[in-house]
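Each value in this text was obtained by applying a stated rule to the coordinates, not by laboratory testing. Since the structure is predicted, the reported quantities are computational estimates derived from the model, not experimental observations.
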Amino acid sequence: MSDKSKKRRAEYEAKQERKANHVVNWIFGVLVALGILYMLFSIFTFA
């Protein structure tokens with residue numbers, strides 16, 4: 001493999017890793033938000 005293709009592949013892998021981390025952070029944030037909403041719903045419904 002040439003140096004140019006190795007460099008391009010490394011850049012692509014880094015870009016994919018950044019995108020994956022962004023998606024994981026969004027999923028985690030949504031789950032936390034849903035947990036908080038469920039907690040509030042439970043408090044006001046059963047109290």
**Prompt:** Taking the Cα atoms of the chain, what is the range of coordinates along each of the three principal axes, in descending order and whole Å?
**Reply:** 67, 9, 5
**Message:** How tilted is helix 3-46 with respect to the longest principal axis of the chain? Cα atoms for both, answer in degrees (0 to 90, nearest 10).
**Reply:** 0
